[in-house]
Amino acid sequence: MTTTANRPAPHAEAPARPTTAKPRPGALAETGSPSVRPPSAAHLTDEQVAELGRELDAVRDEVLAKRGAADAAYIRRVIKLQRALEIGGRVALLGSRNRVAWVAGTTMLSFSKIIENMEIGHNVLHGQWDWMRDPDIHSTTWEWDFVTPARAWQHTHNDLHHRWTNVIGKDRDVGYNVLRVDKDQPWKPANLLNPFINAGLAPVFEWGIALYDLELDRVKSGEKSKEELRKDLKALGRSALHQFTKDYAATPAVAMLTGSGKQALIGTITANAVRNVWAHAVIFCGHFPEGAETFSEEMVEGETRGDWYVRQMIGSANISGSKFMHFMTGNLSHQVEHHLFPDLPSNRYAEVAPKVRDICKRYGLPYNTGPLLKQVGSTWGKIFRLALP
């Protein structure tokens, strides 16, 4: 008998380029425990961690059993909304010599870019919607409105960051190679500039991620070949050309017909900056505020699936707020739940969150959450403090 959870969406076809998902780097132990458990989890026994893992597996299985047509309809509605906002924004910018048209066009385009980046692109590329078997909404075919190529991002984010979350020396997302965000990172005089670097990074965040995804440090160390770098540079060049053509050439060029070329260019630059600042704030609040823990390599040596779950919970942080705020973050305001279940549909995180919070409470683990301004302030406070020795 075919269940709703396993039934393909109506008229769905197999993905145009099916692929076997890459296994996470590093294998999880079947039983036992890591050499050292993180301080917040040191009170847990192996049996308790195993039971915690089974409870979280059950939470995931419950969502998988209910996943179906309503979820597919949700992501298709979101995509339609995003495309309508983008078209509306670009059309309004064609007459952006008028101040009202400029504000309306820039606002719609900003919202469009945030939704595409956060709720659609990020989550589609995690494979959250692959079960639909829709070749147009699939992790192997989606290219997003972001400079860094999707495949490069999937490698550094899905394969590496989500496996080694906040492990110093393994998770390269800890500081993105330019910021000191943990006391266990060695201090360097250049870290005095951390607040200025972070402030400059926010409005150009997509370009910072694109540079980071090239893994230049691994090229320098010899871990990545120059041939691989050349391929990545070509992919980045194609993606950057597409972004430039769409935002900084095509839209302003058409707007020149109404004498609004300059205003349209400023509007598209502003929309990209707004999206970048928002994405930067959400991502940093999910990983770097006070209370989000980091881990040594010995803490993950021999970890089981239950231990991996524990690390995701205490190494991530949530943002509390309204349904609208959660939607605009791509539901990454539920960062704890996302790190536990990165391949579950994002619209399900809100119903999962109370169960995860209850599990944390019963097992004596912290559940880091707070309003946006509190988490932003906490993150910036840490960056300022760790700029000093």
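Numbers below:
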quantity	calculated
Cβ-based net charge around Q243, under 13 Å, with every Lys or Arg adding one and every Asp or Glu removing one	-1
Angle between the chain longest axis and helix 372-385 axis [Cα atoms, degrees, rounded to 10]	80 degrees
Extension gain, R230 back to D358 (0.36 nm per residue minus Cα-Cα distance, nm)	41.3 nm
FRET E, pair A249, R76, Förster distance 35 Å, beta-carbon r, rounded to 0.05	0.70
Label-point separation, A190 to L241 (7 Å along Cα→Cβ), nm	3.1 nm
Label-point separation, A65 to A199 (7 Å along Cα→Cβ), nm	5.3 nm
Segment 118-174 - Rg over Rh from alpha carbon coordinates, Kirkwood radius	1.02
Rounded to whole Hz, the Karplus (6.51, -1.76, 1.60) HN-Hα couplings of segment 159-167, x for glycine and proline	6, 9, 4, 6, 7, 10, 3, 6, 8
Set of segment 160-188 residues, backbone N closer than 15 Å to the point 7 Å along the Cα-Cβ line of R218	160-165, 169-174, 176-177
Relative contact order (%) - criterion: Cα under 8 Å, at least six apart; region: segment 39-385	25 percent
Listed residue pairs exceeding 18 Å between alpha carbons, taken from K323/K361; K113/K382; K113/K246; K66/K355	K323/K361; K113/K382
Kirkwood-Stokes translational diffusion coefficient of segment 176-236, alpha-carbon pairs, 10 °C, 1.306 mPa s, µm²/s	121 µm²/s
Within the chain, helix-based [θ] at 222 nm, where runs of 4 or more DSSP H residues each add -39,500 (n - 2.57), nearest 500	-15500 deg cm²/dmol
J(HN,Hα) series, segment 173-183, from Karplus relation 6.51 cos²θ - 1.76 cosθ + 1.60, nearest Hz, glycine and proline x	6, 6, x, 6, 6, 10, 10, 9, 10, 8, 5
Spatially proximal lysines relative to K231 (Cα-Cα < 20 Å; intrachain offsets below 8 disregarded)	K22, K220
Using θ = phi - 60° and Karplus 6.51 cos²θ - 1.76 cosθ + 1.60, couplings along segment 347-357 (whole Hz; Gly, Pro as x)	5, 9, 5, 4, 7, 7, 4, x, 5, 5, 4
Amide H within-cut-off set for T369, under 5 Å, with H built and near neighbours excluded	N318
Extension reserve of the I87-M256 stretch, reckoned as 0.36 nm per residue once the Cα distance is removed	59.1 nm
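Read the figures in this text as sums done on the coordinates, not as results from a lab. No experiment lies behind these values; they were computed from the predicted model shown. Here the Cβ is made from the backbone with ideal geometry for all residues, glycine too, and neighbour counts use every protein chain on show.
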